[in-house]
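Notes follow the structure.
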Amino acid sequence: MTAPRQPDLDAEREVDLARWRRALVALWWIPVAGLVLGAVVGVLYSFRGGTNYKATALISLGQPTSPGGALVNGFGSNPRAVSLIVTSASTQEQAANRADMRPAALRGHVSVAQVGSVTGAGAARSTPLISLTVSGTRPSTTAAAANALARIVVQQTTAPYVGVKLRTFGLTLTNVNIQIASVKKRLNVIVLAEKAARNLDPLQQLLIISQEDNAETRLGNLIAQQETLQQQQAFAKEVESAKVVTSATAVKASAHSRNSSLLVGALIGLLLGAIVAIVADSRVARPSS
């Protein structure tokens, strides 16, 4: 008893490919029509979503230092903190209220990214820069929401700690300014007394001159302290504290890429046209077999 012959799959596959090739050549206008129709549908689809807007704010998280000058690494200077803050429901609700929009309009439409990540030896001392982007359908509310979220990030990161330092520097500087004014007033009195003491004996003149020297030395020390405090204030405000570097402005962004929609639509139309041509050819050829 002879074994049953196995069907020649390769031969059948070659026959099918030849038939498909013949169908595509004979009915070439169907795939071409599908390509054109798909391209038209793709372009029309690109207009379907309307216009979206994006608004991006640039935030510096700051790099706070301890009173001894050492870097303070904590939640406020961690770039991941920004993502946790802006994606929380309470923060988005607060920002939405400030921007006069619904909180649901922000869900899934807020993204953050670190700008210019530093690696190597300088990474430990680099100040994290964060781009915060909000997308929406209205330019005014989109920009307002991005700026509101940026301000909330500043308020909840390094700004509170540095704010205490700034208030301390401010109080000390006010006290130093009062002392400088008092010493200047005292020095003016001593200068007048020195002019009036020309007829006094040398010992009394020497005493007045000594008082003038002490007042000038005291004034110089106070001015040096004043300059140091002003530099510390500027450093804390511009470097240590979180701040919004660039406010967000809404820019137009197409909801769908027109070129991509055209190419995808044309490809889908071409494939569908090829399938229709093959099916149509097989139905026409079947009765004649």
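The values are calculated or read from the model by the stated rules, or taken from the named source; none is laboratory data. Every value quoted in this text rests on a predicted model; they were computed, and no experiment measured them. In case anyone asks, the SASA skips ligands and DNA or RNA and just uses the protein heavy atoms, side chains included. Shrake-Rupley method; radii C 1.70, N 1.55, O 1.52, S 1.80 Å.
Table for the structure above
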{"quantity": "Other-chain or far-sequence residues with amide H under 5 Å of Thr65's (modelled H)", "calculated": "Val72"}
{"quantity": "Under 18 Å from Lys54, Cα to Cα: lysines that are on another chain or at least 8 residues apart", "calculated": "Lys252"}
{"quantity": "Cross-link partners of Lys195 among lysines (Cα-Cα below 24 Å; sequence separation of 8 or more within a chain)", "calculated": "Lys184, Lys185"}
{"quantity": "Amide H contacts of Ala248 (H built 1.01 Å from N, under 5 Å, at least 5 apart or other chain)", "calculated": "Asn147"}
{"quantity": "Exposure ranking of Asp281, Asp100 by accessible area [1.4 Å probe, largest first]", "calculated": "Asp100, Asp281"}
{"quantity": "Heavy-atom accessible surface of the stretch 130-289: percent carbon and sulfur, 1.4 Å", "calculated": "60 percent"}
{"quantity": "From the C-alpha gyration tensor of the stretch 52-201, square roots of 5λ in Å", "calculated": "50, 20, 12"}
{"quantity": "Where Leu271, Leu61 fall by accessible area, highest first, once all protein chains stay in place (1.4 Å)", "calculated": "Leu271, Leu61"}
